[in-house]
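Heads up, the thing below is written out as structure tokens.
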Amino acid sequence: MQAKVNVALIGKNLILREGLQRILSDAGFVVSQSLDVAGRFSETEANPVAILLDESRLTLRDDVEHIRSTSPGARIVCMVADFDYNDMCRAFGLGVDGLLTREIACPSLIASLQLVAAGEKVVPSKLVETLKQLQSTQVTSHAEAAISSARLTEREVEILNLLSLGYPNKLISRKLDISDATVKVHVKALMRKLQVQNRTQAAIWARRQGLPQVPADSVPEPRVGVNC
């Protein structure tokens, strides 16, 4: 039989504390303390999971230190109204074991607290999307720096993207609505700037720099007439 998890609820919002207490009690948790401030947290026989509700940046360090000094084996979870990546990093840096948002569903909340009690760390699902955005920003910044360093023009970047997708000159000319001869001029220019010997090496350079691979359907269809 799984041991019941001891929980301490800490926060000024009494309605929030009472609501969580009912949810957790119904799920088999033991809510041993319900406090308005962390300074009133006291030692218990079982190492509790202390849930800090809407924790202030100004008091988080002191609250974590008080809980740790009072009950070294306690696990600490911050429950916040909105997810902020920098605040999350700071909280984990101060020693919390989990960060959850108020929008979490009851089954996920219960599972998360059980994981924390078992010694795991928990983070909001929104972190995944944030990490994707951060990675995309880093890749874009690296690509922009590479383009600037190579002194590629906007047209040369367009051609390089299509070239790296395996497009021949004739198809590139159709997609960009320029002449085949103009494509050849741009290809020679970008290969000279990149100091590569052929199209394959140019494509490899593009991929290594993290340049976006442009899908064929994202490139505008040719207009009437041929422009250079």
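The values are calculated or read from the model by the stated rules, or taken from the named source; none is laboratory data. All of these numbers come straight from a predicted model, not from anything done at the bench. Cβ: placed from backbone, ideal geometry, glycine included. Neighbour counts: every protein chain shown.
Things worth noting here:
- The single residue among Val214, Val196 that is aliphatic (A, V, I, L, M), modelled with pLDDT of 85 or more and in the same structural domain as Arg151 (by TED's automatic domain parsing) turns out to be Val196.
- Each residue in segment 81-92 was checked for being surrounded by 14 or more Cβ atoms within 10 Å (Cβ to Cβ) and not in a helix (DSSP H, G or I), and 2 of them qualify.
- So Ala46, is it surrounded by 20 or more Cβ atoms within 10 Å (Cβ to Cβ) and in the same structural domain as Leu100 (by TED's automatic domain parsing): no
- Criterion: of a type in the set (A, V, I, L, M), more than 31 Å from the chain's Cα centre (by Cα) and part of a helix (DSSP H, G or I) - qualifying residue of Ile15, Ile67: Ile15
- Leu109 under 18 Å from Leu16 (Cα atoms) and either part of a helix (DSSP H, G or I) or modelled with pLDDT under 90 (or both): yes
- Out of Ala46, Ala3, Ala38, sole residue that is of a type in the set (A, V, I, L, M) and in contact (Cβ under 8 Å) with a residue 40 or more places away in the chain: Ala46
To keep it simple, each residue is scored yes or no on (1) on the phi > 0 side of the Ramachandran plot; (2) in a helix (DSSP H, G or I); (3) out of contact with any strand residue (DSSP E or B) (no Cβ under 9 Å at 6 or more places or on another chain).
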site: Lys175; (1), (2), (3): no, yes, yes
site: Ile178; (1), (2), (3): no, no, yes
site: Met191; (1), (2), (3): no, yes, yes
site: Ala202; (1), (2), (3): no, yes, yes
site: Trp205; (1), (2), (3): no, yes, yes
site: Gly210; (1), (2), (3): yes, no, yes
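- Summed over segment 49-64, the residues that are modelled with pLDDT of 90 or more and in a loop (DSSP other than H, G, I, E, B) give a count of 0.
- Once segment 145-164 is narrowed to residues that are over 11 Å from Leu211 (Cβ atoms) and in a loop (DSSP other than H, G, I, E, B), the residue that is modelled with the highest pLDDT is Thr153.
- Qualifying residue in segment 132-141 (condition: modelled with pLDDT of 90 or more, assigned to a helix (DSSP H, G or I) and surrounded by fewer than 17 Cβ atoms within 10 Å (Cβ to Cβ)): no
- Among the residues making up segment 112-130, those that are surrounded by 12 or more Cβ atoms within 10 Å (Cβ to Cβ) and either on the phi > 0 side of the Ramachandran plot or in a helix (DSSP H, G or I) (or both) are Ser112, Leu113, Gln114, Leu115, Val116, Ala117, Lys126, Leu127, Thr130.
- Matching option when the condition is of a type outside the set (Val, Ile, Thr) and either in contact with a Leu (Cβ under 9 Å, 6 or more places away or on another chain) or in a loop (DSSP other than H, G, I, E, B) (or both), among Gly39, Gly95: Gly95
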